[in-house]
Amino acid sequence: MGFFDGRAMPAEHEPDRPEFVDLGPAGPRYADDGPPADRYLPTVLPRVARVAEGPRVRVMFTGWEVWPEQVTLCLQIFWRRRRTDEVYGDAWFARPGAGALRVGLRPAAGGPGLTLREHGTDPGGAFHRPARFLLSAVPEGGPLVLVLEWADEGIAETAVALDTSGLGEAARRVVEIWPEGPGV
């Protein structure tokens, strides 16, 4: 006998039949696309480091999500106080202007900064939220430096070296969810 056999279900009306859409074949990717999250499970490289702090905020680096051709830099932001007008998340974090959180990434050996784009955040909780930044390629050639500034929260420009060891190997361990193709 199965676990659910013989269990009474409350009577309810028959729901409408849902409509479905199938995942189609992979198409061309564009610069503003996020990671291929519908098709791959990233390799996660956990790292923990406090990268910045202000009187009422802490910013923590929690590691990397590694995709076949991209990498996500993962941060967690924690506040000691919150607004009472029910405005959370992006209103604190992504407000445009000189006092907003600014994040950059550059090679530790010097050279131009790498292009980062925020993606895939969720609202978090009343006193914290995750922030993810996508790099368009898996970085090679040594450590990277995270540069962060947040004038509204009392954080002057600060730079912290991040451990990038294992990113290339992690990209080779990404799990493709649908290797047999669509509709098989």
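Here, P(r) means the percent of Cα pairs in each 5 Å bin from 0 to the largest distance; for segment 94-165 it is 3, 14, 21, 25, 20, 12, 5, 1. Relative contact order for the chain: what is it in percent, counting Cα pairs under 8 Å that are at least 6 residues apart? The normalised contact order for the chain reaches 25 percent. In the chain, the DSSP-assigned H stretches of four residues or longer account for a calculated mean residue ellipticity at 222 nm of -1000 deg cm²/dmol, using -39500 (n - 2.57) per stretch and the full residue count as denominator.
Counting other Cβ atoms within 10 Å, which chymotrypsin sites (Phe, Trp or Tyr not before Pro) in segment 20-82 have at most 11 and lie in a DSSP loop?
Working: sites: Phe20, Tyr30, Tyr40, Phe61, Trp64, Phe78, Trp79; in loops: Phe20, Tyr30.
Sites meeting the loop and neighbour criteria: Phe20, Tyr30.
In order along segment 125-142, phi translates into HN-Hα couplings of x, 5, 10, 7, 7, x, 9, 10, 10, 8, 9, 6, 8, 6, x, 10, x, x Hz, rounded to whole numbers, per the Karplus curve 6.51 cos²θ - 1.76 cosθ + 1.60 with θ = phi - 60° and x for Gly and Pro.
3J(HN,Hα) couplings calculated from phi for segment 64-79 with the Karplus curve 6.51 cos²θ - 1.76 cosθ + 1.60 (θ = phi - 60°) are, in sequence order, 10, 9, 10, 9, x, 10, 9, 9, 10, 8, 10, 10, 10, 10, 10, 10 Hz; Gly and Pro show x. A dipole drawn for the chain from +1 and -1 charges on Cβ atoms has a positive end, and of Leu105, Leu134, Leu23 the residue lying farthest that way is Leu105.
Among Glu65, Glu19, Glu169, what is the fewest-to-most ranking by other Cβ atoms within 10 Å?
If I rank by nearby Cβ atoms, fewest first, I get Glu19, Glu169, Glu65.
A simple charge model with +1 on the Cβ of Lys and Arg, -1 on the Cβ of Asp and Glu and nothing else charged puts the dipole of the chain at about 940 debye relative to its Cα centre. State whether segment 145-184 is rounded, prolate or oblate according to the following rule on the C-alpha gyration tensor (a ≥ b ≥ c being the square roots of its eigenvalues): a/c under 1.5 gives rounded; otherwise a/b larger than b/c gives prolate, and the remaining case gives oblate. Verdict is oblate for segment 145-184.
Would segment 40-175 count as rounded, prolate or oblate if I go by the C-alpha gyration tensor, calling it rounded below 1.5 in a/c and otherwise prolate when a/b exceeds b/c, oblate otherwise?
Values: a/c = 2.15, a/b = 1.55, b/c = 1.39.
Prolate, because a/c is 1.5 or more and a/b exceeds b/c.
Between Glu140 and Ala37, take the C-beta separation as r, use R0 = 22 Å, and let me know the FRET efficiency to the nearest 0.05. Before the final figure, lay out each step's value.
Working: r = 23 Å, r/R0 = 1.05.
Computed FRET efficiency for Glu140 and Ala37: 0.45.
What FRET efficiency comes out for Ser165 versus Val21 if R0 is 45 angstrom and r is the Cβ-Cβ distance? Round to the nearest 0.05. After rounding, the FRET efficiency stands at 0.65. Using R0 = 41 Å, the C-beta based FRET efficiency linking Asp5 and Gln76 works out to 0.40. Near the amide H of Leu105, within less than 5 Å, lie the amide hydrogens of Leu114, Val147, all on another chain or at least 5 residues away, with H placed in the peptide plane. Backbone amide hydrogens, once placed in the peptide plane, bring Arg47 within less than 5 Å of Gly63, Trp64, excluding anything fewer than 5 places away on its chain. Around the amide H of Ala52, modelled in the peptide plane, lie the amide H atoms of Val59, all under 5 Å away and 5 or more residues distant in sequence or on another chain.
Just so you know, all these numbers are worked out from the coordinates, no wet-lab data involved. Remember, predicted model here, so these are calculated numbers, not experimental data. We place every Cβ from the backbone using ideal geometry, glycine too, and count neighbours over all the protein chains shown.
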